[in-house]
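Take a look at the structure below.
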Amino acid sequence: MTALLLFDIRRIARSPRFALFTVGFPVVFFLIFSNVYGRSGPGAAAYLMVGMAAFGAVSAAINTGSRVAVERQVGWNRQLRMTPLPTPGYLVSKVLASMVVALPALLLVFLVGAFTQGVSLDAGTWLRLVLVCWLGVLPIAALGLLIGMLATGDSAQAMSAVAMMTMSLLGGLWVPVDLLPGFLAAVARALPTYWLAEFGRDALAGTAPAAQGLVTMFAWLLVTGVLVIVRYRRDAARA
Amino acid sequence: MQQTDTVVRGAAVSLQGLVKHYGGVRAVDGVDLTIAPGEVVALLGPNGAGKSTTIDVLLGLSTPTSGAVTLFGRSPREAVSAGLVGAMLQSGGLLEDATVAETVGLFSAVYPKSLSAAEAMRRAGVAEFAKRRIGSLSGGQRQRVRFATALASDPDLLVLDEPTVAMDVEGRREFWAAMRAYASTGRTVLFATHYLAEAEDYADRVVLLRSGRVAADGSVAEIGARAAGRVISARVPGVSAAELSTVAGVVDVQSRGDAVELSCVDSDGALRELLARYPQAMDIEVRGAGLEAAFLALTSEGAAR
């Protein structure tokens, strides 16, 4: 499992285009938003920073997971089935790869926030913020893998772009949910991305994550996880 | 082929009454096959004869509709997990953005007792381009990388599905040299091929599949003899290949101008009818068929029926 994780990470780390789009894009977004709205009130820059960091992590996790579609298409998974690598080992390794790629995306936005946008927090808050936002990406990493298991090599990019945009916009990562029409605000509260950003803001404020958020996150992780396993089994049976 | 009990029990490969249907298609339709440890067996047959399906089921990549499969007395999945089986699949892919060393290294890392990546790469002859990415390799080089991944577990059984398909002459020669070195250590090899020369040169035994069944099973010499295939060459002016193909016992006609070559299952009968129907036939020669003609005769019997 570790071998597969390292193998995957090494390949991703070598792809400059992948890094540029998944890690670089949210930083650029953050700089633009922050310069437009960042001075609008105390804590505005920090608020934007959490949303954009979450966006970066979500985009990295979904894009990493959806790469599985291409791997399946070229027959790589068939090749892997000829090894003792167990199903859980494969799936866990894939989710971990997404988590590992999400971390620098998250950290980069935080660094830019701290060093160029004047976000100043104490060390404990930074640590909590990183930890909470990173762990909160877990259901999204599972979602990315599900896209990878469902899509073909051709449709993977489109599917992950749609998932990423919907999740980010409706989850309130780009604009506050309160600015969305009422029924969309209700939808937002059912999304893991909304709670991801909420958890980040809770960490800023030093409050504990809401129970509703934890339940929603866990439900997403459970459902996508089960769907991934079902889909993986079906893929194996059909091969 | 009659097998003793001990051979069946200790068999490297045992397929009993194997059937695999895809929808209404009977891809494999009752295959019995026992391969003893140390045998090098070629699986031959025309496209659609069930070679790849048999191999998929054998490796546990698909489940049989009915019948039993064991490898070294275990289920395919168990045998694969234990690293007893190495496979080079036709449709198994490699990732273009990984290097050769990374790919072979991954396979070497996931097996319980394995060759080092360096050793697997050396044996498969890919060490000199270990640092290159798969995407920059030729088709033949990629095939050899697959061979290296198949060797990674130091398997007792090697299963190869059309292994030399993208290789040039030199690559093919090197590949078989490596394969021979592996087989000479008493390991078992099963390979599917449509190059008859490869079966003739490298296999101890040939299993011929036709329409999902075993049409013939034996040494190259035995199969050549069993087919009793002969080739009649002659000049038959004014007669088309289509007309000649209706002569009883003829299974294939090759013509160039008046000169024709008739591949026959029953050359005596074909010759009598040929002379009776076309007395103008001349320069007649009858020769024994090699494995190629035997292959043709055995695999087209079904179509003639």
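A short reminder: the numbers here are calculations on the coordinates, not readings from a lab. Being a predicted model, the structure only gives us computed values, none of them experimental. FYI the Cβ positions are ideal-geometry reconstructions off the backbone, even for glycines, and counts take in every protein chain you see.
What to note about this one:
- Computed on the protein assembly as shown, the Cα convex hull volume stands at 195 Å³ per residue.
- Rg to Rh, two decimals, where region A:2-238 supplies the alpha carbon set and Rh follows Kirkwood: 0.98
- Shielding value for B:53-63 is 2, the average number of Cβ atoms from other chains within 10 Å of each residue's Cβ.
- Rounded Å value of the spacing that divides the Cα centres of region B:109-157 and region A:35-104: 30 Å
- Spin-label pair B:Glu243-B:Lys131: with each label point 7 Å from Cα along the Cα-Cβ axis, the two points sit 6.9 nm from one another.
- Shielding value for B:106-113 is 5, the average number of Cβ atoms from other chains within 10 Å of each residue's Cβ.
- Rounded to 0.05, the FRET efficiency of the A:Leu103 and B:Ser75 pair, given R0 = 35 Å and the Cβ-Cβ distance, is 0.30.
- Dimensions of region B:72-173 along the principal axes, based on C-alpha atoms and rounded to the nearest Å, stand at 39, 25, 21, largest first.
- Separation between Cα centres of region A:130-180 and region B:26-50, rounded to whole Å: 47 Å
- In degrees, nearest ten, helix A:2-13 long axis to first principal axis of chain A (Cα): 60 degrees
- Put a dot 7 Å past the Cα of B:Val286, heading toward its Cβ, do the same for A:Thr125, and the two dots end up 10.1 nm apart.
- Computed [θ] at 222 nm, helices only, for chain B once each DSSP H run of length n ≥ 4 contributes -39500 (n - 2.57): -10500 deg cm²/dmol
- Förster-model FRET efficiency, 41 Å R0, A:Leu227 and B:Asp252, C-beta, rounded to 0.05: 0.15
- Cα Rg, Dmax (largest Cα-Cα span) when computed across region A:1-87, Å: 18.0, 58
- Model label points for B:Val19 and B:Thr65, set 7 angstrom from Cα along the Cα-to-Cβ axis, are 0.7 nm apart.
- Along each principal axis, Cα extent of chain B, largest first, Å: 71, 44, 38
- Charge dipole of region B:37-142 (Cα centre as origin; +1 on each Lys and Arg Cβ, -1 on each Asp and Glu Cβ, all else neutral): 120 debye, rounded to the nearest 20.
- For the peptides B:80-87, B:166-173, A:173-180, the ranking by packing is B:80-87, A:173-180, B:166-173, with the highest mean count of neighbouring Cβ atoms within 10 Å listed first.
- Around the Cα centre of the protein assembly as shown, unit charges on the Cβ atoms of Lys, Arg, Asp and Glu (plus for the first two, minus for the last two) sum to a dipole of about 1440 debye.
- Fully extended contour minus Cα-Cα distance, from A:Thr2 to A:Arg39, at 0.36 nm per residue: 8.8 nm
- Dipole-positive endmost among A:Val23, A:Ala97, A:Gln212 within the protein assembly as shown (Cβ charges, Cα centre): A:Gln212
- C-alpha long axis of helix A:211-238 to longest principal axis of chain A, angle in °: 20 degrees
- Here B:Arg235 and B:Asp204 are evaluated by their C-beta separation; at R0 = 41 Å the FRET efficiency comes out at 0.50.
- Taking packing as the residue-averaged number of other Cβ atoms within 10 angstrom, the listed peptides B:42-49, B:237-244, A:65-72, B:199-206 run from highest to lowest as A:65-72, B:42-49, B:199-206, B:237-244.
- The value obtained for region B:8-77, namely the Cα convex hull volume divided by the number of residues, is 78 Å³ per residue.
- Dipole magnitude for region B:122-185: computed about the Cα centre from +1 point charges on Lys and Arg Cβ and -1 point charges on Asp and Glu Cβ, it is near 300 debye.
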